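The block underneath contains the structure these notes are about, expressed in structure tokens.
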Amino acid sequence: PGGGDPDDPDFRGGAAQAEDTAPAFVQRLRSLDVYSKVHDDYRVKTKSGGLISLASLATMTILFFSELDNYLTVEVVDHIKVDTTLNQKLPIGVNFTFPRIRCDEVSVDSVDSFGQSQIDASGSLTKFELDSQGFHSVGDKKAAKGDCLPCLEAADFYPEMCCNDCQELKQAYRKAGLPYYHILDTAVQCKNSVGCQIAGDILVSKVAGNVHVALGRSRVKDGKHVHEFNIKEVSDGFNTSHSIHRVEFGEQVAGFVSPLEGTTKIVRSGAYMFHYYIKLVPTLFEGSGRTVYTHQYSVTDTAKNAMVKKGELVGLPGVFFVYEFTPFLVQKVEKSVPLSHFLTSLCAIIGGGFTVAGMIDAILYTGYRRIKKASTGKQAI
């Protein structure tokens, strides 16, 4: 009761009678079954088959995760074409530090090949005064009302003059014809703010040009960009030591490398001029539901001491970012693996894994039986 023996004729007869009484379309449906069933009593399980099963499952699992990783990874395909986006502005994002130049001595200027100049291109740039340790400063010391702070070396020329702030001290030195850079980090009026950090964006035309921080007060004279200064003011050196934290041409895109970031140049003596020659490659990035126009770049740099003799300059001390554009545009397009491709590969992994494992198991089992049959025959003889 509760079951039947498939070897029992009555049981098989009952099953056949049940099949005969089934509807015709059900019998026709059964005739289409290509997956023939084998009763458990006729299945043979071996140790080698178990090992092959474990190996095939492990292999299919590894292949599955490999295919899943490939499906989740976004491939970026590059195309190159001629750049026709010329009549537009380019934002240059900067963040650099001058540890030995005060903010009132720093002017960020830009000049392009069309002759257009920006003097002290403040715009969205922000200047932060730094102390001798490189931290943001609280500002110069202010003399109390009625105080008269000394003018240091300039007091030899103007003993009655008061220098109550850093600007007055520098003016006294200029009036006396003395260089003052060497006293900026020691004079009580100036030593709280000896460096400057500049951060923000500069908007330029999309033509070759340069952005620079250089010695002197910049102005446009007779259509030319010039820097005016008294050579005596820098006879003891104009320290252009600097660190570059950020230089970007256009909007930032994740994964793009900025070669200049992290660059630091230290000047021990003299007045150096640093040139960074930048080759810009216009890049159009399409992906993640947005289109971004930006630039990749490569850079080479040079450094030269512009003060070969005291009181004599052979160049303009400063830091210059000289850039030019290539005529080609790189189009980067994100390409994802379709879901249909992933499902097809998944089916191939599962089906192929079971098929190959079954073939290996059949070969091993057949070979084992033949060897065993042959050895049994020899013993019988």
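The values are calculated or read from the model by the stated rules, or taken from the named source; none is laboratory data. For clarity, every value in this text was computed on a predicted model and none was experimentally measured. All Cβ positions, even for glycine, are placed from backbone atoms using ideal geometry, and neighbour counts span all protein chains on display. Ligands, DNA and RNA are excluded from the accessible area calculation, which covers all protein heavy atoms including side chains. Shrake-Rupley method; radii C 1.70, N 1.55, O 1.52, S 1.80 Å.
For Ile266, state whether it is in contact (Cβ under 8 Å) with a residue 12 or more places away in the chain and either under 22 Å from Ser110 (Cβ atoms) or in contact with a Gly (Cβ under 7 Å, 6 or more places away or on another chain) (or both).
Details: in contact (Cβ under 8 Å) with a residue 12 or more places away in the chain: yes; either under 22 Å from Ser110 (Cβ atoms) or in contact with a Gly (Cβ under 7 Å, 6 or more places away or on another chain) (or both): no.
No.
For Val267, the stated conditions do not hold, so it cannot be described as open to solvent by 70 Å² or more (accessible area, probe 1.4 Å) and either among the hydroxyl-bearing types (Ser, Thr, Tyr) or part of a loop (DSSP other than H, G, I, E, B) (or both).
One line per residue, one yes/no per condition, for (1) without any contact (Cβ under 8 Å) to a residue 60 or more places away in the chain; (2) within 30 Å of Ser269 (Cα to Cα); (3) not in a strand (DSSP E or B):
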| position | (1), (2), (3) |
| --- | --- |
| Met307 | no, yes, yes |
| Gly315 | yes, yes, yes |
| Phe321 | no, yes, no |
| Glu324 | no, no, no |
| Leu329 | no, no, no |
| Val337 | no, no, yes |
| Phe342 | no, no, yes |
| Leu346 | no, no, yes |
| Ile349 | no, no, yes |
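If you scan the stretch 303-326, which residues turn out to be open to solvent by 70 Å² or more (accessible area, probe 1.4 Å) and at pLDDT 90 or above? Selection gives Lys304, Glu324. Of the residues Leu152, Leu184, which is on the phi > 0 side of the Ramachandran plot and among the hydrophobic types (A, V, I, L, M, F, W, C)? Unique residue meeting the criteria: Leu152.
When restricted to residues that are open to solvent by less than 60 Å² (accessible area, probe 1.4 Å) and either of a type in the set (A, V, I, L, M) or part of a loop (DSSP other than H, G, I, E, B) (or both), the stretch 111-143 contains 11. When Val292 is tested against (1) within 19 Å of Lys81 (Cβ to Cβ); (2) at pLDDT 90 or above; (3) surrounded by 16 or more Cβ atoms within 10 Å (Cβ to Cβ), just one condition goes unmet, and that condition is (2). Within the option set Gln379, Gln331, being surrounded by fewer than 12 Cβ atoms within 10 Å (Cβ to Cβ) and either at negative phi or modelled with pLDDT under 90 (or both) holds for one residue only, Gln379. Here is the figure for the stretch 305-331: residues that are in contact with a His (Cβ under 8 Å, 6 or more places away or on another chain) and farther than 21 Å from Ile92 by Cβ total 1. Taken as a whole, the stretch 215-229 holds no residue that is open to solvent by 10 Å² or more (accessible area, probe 1.4 Å), assigned to a loop (DSSP other than H, G, I, E, B), among the aliphatic types (A, V, I, L, M) and over 30 Å from Cys151 (Cβ atoms).
Matching residues to (1) surrounded by fewer than 17 Cβ atoms within 10 Å (Cβ to Cβ); (2) closer than 24 Å to Val108 by Cβ; (3) free of Cβ contacts under 8 Å to residues at least 12 places away in the same chain:
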{"residue": "Leu149", "(1), (2), (3)": "no, no, no"}
{"residue": "Cys163", "(1), (2), (3)": "no, no, no"}
{"residue": "Gln171", "(1), (2), (3)": "yes, yes, yes"}
{"residue": "Lys175", "(1), (2), (3)": "yes, no, no"}
{"residue": "Ile183", "(1), (2), (3)": "no, no, no"}
{"residue": "Val194", "(1), (2), (3)": "no, yes, no"}
{"residue": "Gln197", "(1), (2), (3)": "no, yes, no"}
{"residue": "Gly200", "(1), (2), (3)": "no, yes, no"}
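Any idea how many residues of the stretch 361-375 are open to solvent by less than 80 Å² (accessible area, probe 1.4 Å) and not aromatic (Phe, Trp, Tyr)?
Our first condition is that a residue be open to solvent by less than 80 Å² (accessible area, probe 1.4 Å); within the stretch 361-375, this holds for 361-362, 365-367, 374-375.
Imposing the further condition that a residue be not aromatic (Phe, Trp, Tyr) reduces the set to 361-362, 366-367, 374-375.
Summing the residues that are open to solvent by less than 80 Å² (accessible area, probe 1.4 Å) and not aromatic (Phe, Trp, Tyr) in the stretch 361-375 gives 6.
When Leu260 is tested against (1) closer than 30 Å to Glu105 by Cα; (2) part of a helix (DSSP H, G or I), just one condition goes unmet, and that condition is (2).
Looking across the stretch 47-71, the residues that are open to solvent by less than 60 Å² (accessible area, probe 1.4 Å) and more than 10 Å from Ala357 (Cα to Cα) come down to Ser48, Gly50, Ala58, Met60, Glu67, Leu68.
Among the residues of the stretch 238-249, are any open to solvent by 60 Å² or more (accessible area, probe 1.4 Å) and without any contact (Cβ under 8 Å) to a residue 60 or more places away in the chain? I'd like the intermediate steps shown before the answer.
Narrowing the stretch 238-249 to residues open to solvent by 60 Å² or more (accessible area, probe 1.4 Å): 245-246.
Checking which are without any contact (Cβ under 8 Å) to a residue 60 or more places away in the chain leaves us with none.
The answer is no, given that none of the residues of the stretch 238-249 is open to solvent by 60 Å² or more (accessible area, probe 1.4 Å) and without any contact (Cβ under 8 Å) to a residue 60 or more places away in the chain.
Considering (1) polar (S, T, N, Q); (2) in contact with an Asp or Glu (Cβ under 8 Å, 6 or more places away or on another chain); (3) in a loop (DSSP other than H, G, I, E, B), the lone condition that Thr186 does not fulfil carries the number (2).
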